[in-house]
Amino acid sequence: MKAFHTERAMKQAILVAPEQFEIREVEKPSPKKGEALLKVKAVGICGSDIHAYHGKHPFMSCPIVLGHEAAGEVVELGEGVTNVAIGDRVLMRPQDICGECPMCKSGRYNICKSLKVIGCQETGASSDYFAVDAELLYKLPDNVAYDVGTVVEPLAVGVHAVKRPNGGVKGKNVVVIGAGTIGNVVAQSAKGLGANKVMITDVSDFKLDMAKKCGIDIAVNVAKEDIFKVIEENYGVDGVDVVFECSANDGALNQALEYARKGTTIVIVGVFGNKATVNLANVQDREYDVIGTLMYLHEDYVDALRLVGEGTVDLETLITHRFPLEKVADAYQCIKENKDVQKIILTV
Ligand SMILES: [Zn+2]
Ligand SMILES: [Zn+2]
């Protein structure tokens, strides 16, 4: 281990190889022009981090410092930073974009041609301090703690997803497939942005109970209940207006292509690892709109922060475990060994 003068030293958790973390002492960064230095307070563990941990993420490789869901306090400012001040409690939007490609120019920089995600393709925030472009920082509402603040990043994924169908979800009957963190926050975003009724499906009672606790109208265990019957009972002749697929499961998607009313929109939120086998005949015959969604935009962060600040969404319930950053290996071990895990937060 290379030692630095105690003043400028900090600890950093690095995934050196699949399933192998190291806590290293590295030099504390100094904020460059346009950057702010954060004293990191909390880092969320995401599904993509878990894939990287197992060495199975197609676009992430070791060695890597994970951590894209990060919240902290601003402690130092680089030259020219005016949007945040020392002492601000902030969270980060981890998108490094080119600003030049056609998608960036059209405002859809979430699908920038050369998008790099901080903590996925660039060094993340699993450390005592983290220097980041200040433009990527958002102030946390006073009533939102740092650990809950990290969950605003996945919430913004949900907010973006529910804005993808034409006209959003206002007044619509929604079905969300999968009650993991992303399914949960998609369902909560749909409620928060004005859906008529929101139904969520899963095979885990633990996750479905959590969704109910978060205020989702109808939670269905598809291993125990007949989804077609439940939909008919709850949505009647109006049927399902929008489906959000958050389980990355072919079977569940094909079932949705049966129960969704003709002419509805199906949003693919889940990350399908393998090539799905999908009943495209129904897509054609029923004029389904099947659309994708990726990450979020600035406006989605603003909406997500508003929803959490005013208490419209409940993110605290999603946090099932907390570990100090030095115990990062234990945190991933916990995910491996436990079924009833939703969001795990590393505290720094
Ligand atoms: Zn994430
Ligand atoms: Zn771009």
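The values are calculated or read from the model by the stated rules, or taken from the named source; none is laboratory data. None of these values were measured; they are calculated from a predicted model. Neighbour counts are summed over all protein chains in view; Cβ atoms, including those assigned to glycine, are modelled from backbone coordinates with ideal geometry. Ligands, DNA and RNA are excluded from the accessible area calculation, which covers all protein heavy atoms including side chains. Shrake-Rupley method; radii C 1.70, N 1.55, O 1.52, S 1.80 Å.
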Per residue, in Å², the accessible surface of the stretch 113-233 once ligands and nucleic acids are set aside, probe 1.4 Å | 38
Looking at the chain, what % of its DSSP beta bridges pair antiparallel, to the nearest 5?
-> 55
Accessible area of the stretch 1-70 divided out per residue, in Å², using a probe of 1.4 angstrom = 52
Any idea what angle helix 328-337 forms with the longest principal axis of the chain, computed on alpha-carbon atoms, 0 to 90 degrees, nearest 10?
-> 20
Gain on full stretching of the segment that runs from residue 298 to residue 9 - 0.36 nm per residue minus C-alpha separation = 100.8 nm
Karplus ³J(HN,Hα) for the stretch 215-221 (6.51 cos²θ - 1.76 cosθ + 1.60, θ = phi - 60°; Hz, whole; x = Gly/Pro) runs x, 6, 4, 9, 10, 10, 8
Lysine-lysine proximity count for the stretch 156-292, Cα under 18 Å, sequence distance 8 or more or distinct chains = 17
Point-charge dipole on Cβ atoms (K/R +1, D/E -1) for the stretch 156-292, about Cα centre, debye to 20 | 460
Residue by residue through the stretch 223-228, which ³J(HN,Hα) values in whole Hz follow from phi under the Karplus form 6.51 cos²θ - 1.76 cosθ + 1.60 (θ = phi - 60°), with glycine and proline marked x?
-> 7, 10, 10, 7, 4, 4
Rounded, prolate or oblate (a/c below 1.5 giving rounded, otherwise prolate when a/b exceeds b/c) for the stretch 242-301 by Cα gyration tensor | oblate
Which percent of the accessible heavy-atom area of the chain goes to carbon and sulfur, probe 1.4 angstrom?
-> 49
Got a sec? Charge dipole of the chain, +1 on Cβ for Lys and Arg, -1 for Asp and Glu; which of 321, 182, 157 is way out at the positive end?
-> 157
Computed over the chain: longest principal axis from alpha-carbon atoms vs helix 250-259 long axis, angle to nearest 10 degrees, is 40
Over the chain, what is the relative contact order in whole percent, taking alpha-carbon pairs under 8 Å and six or more residues apart?
-> 17
List every residue whose amide H lies under 5 Å from the amide H of residue 41, counting only residues 5 or more places away in sequence or on a different chain, with H placed 1.01 Å from N in the peptide plane.
-> 71, 72, 73
With each pseudo-label sitting 7 Å past Cα toward Cβ, what's the residue 213-residue 330 distance in nm, one decimal?
-> 2.2
Mind running the shape call on the stretch 197-348? Use the C-alpha gyration tensor, a ≥ b ≥ c as the square roots of the eigenvalues: rounded below 1.5 for a/c, prolate if a/b tops b/c, oblate otherwise.
-> prolate
Near the amide H of residue 114, under 5 Å away, which other amide H atoms are found, from residues 5 or more places off or on another chain, if H is placed in the peptide plane?
-> 98
Where the centre of each part is set by its Cα atoms, how far does the stretch 96-136 sit from the stretch 1-75, in angstrom?
-> 16
About the Cα centre of the stretch 41-101, how large is the charge dipole given +1 on each Lys and Arg Cβ and -1 on each Asp and Glu Cβ? Please answer in debye to the nearest 20.
-> 280
The extension gain from residue 116 to residue 16, computed as 0.36 nm times the residue separation minus the Cα-Cα distance, is 34.0 nm
Go ahead and run the numbers for FRET between residue 277 and residue 312, Cβ-Cβ distance against an R0 of 35 Å, rounding to 0.05.
-> 0.40
Note the angle between two axes, namely the Cα long axis of helix 298-309 and the longest principal axis of the Cα atoms of the chain, as a number of degrees from 0 to 90, rounded to the nearest 10.
-> 80
Where trypsin sites (Lys or Arg not before Pro) fall in DSSP loop in the stretch 288-348, at most 12 other Cβ within 10 Å | 339
May I ask for the net charge around residue 28, where only other residues with Cβ less than 12 Å from the Cβ of residue 28 are counted and Lys, Arg are +1 while Asp, Glu are -1?
-> -2
Amide N of the stretch 118-161 lying under 19 Å from the label point, which is placed 7 angstrom from the Cα of residue 97 along Cα→Cβ | 118-122, 132-139, 153-161
Mean separation of Cα contacts under 8 Å (at least 6 apart) over the residue count of the stretch 156-292, i.e. the relative contact order in percent, is 22
Residue-normalised 222 nm signal for the chain, counting each DSSP H run of n ≥ 4 as -39,500 (n - 2.57), nearest 500 deg cm²/dmol, is -7500 deg cm²/dmol
Once amide H atoms are placed 1.01 Å from N in the peptide plane, what residues at a sequence separation of 5 or more from residue 176, or on another chain, have their amide H within under 5 Å of its amide H?
-> 199, 200, 201, 244
Throw me the Rg/Rh for the chain, computed over C-alpha atoms with Kirkwood Rh, two decimals.
-> 0.98
Charge dipole magnitude, Cβ of K and R +1, D and E -1 - the chain, Cα centre, debye nearest 20 = 320
Diffing the stretch 28-40: the Karplus 3J(HN,Hα) column from phi (6.51, -1.76, 1.60, θ = phi - 60°), in whole Hz with x for Gly and Pro, holds 5, x, 10, x, 7, 3, x, 9, 10, 9, 9, 7, 5
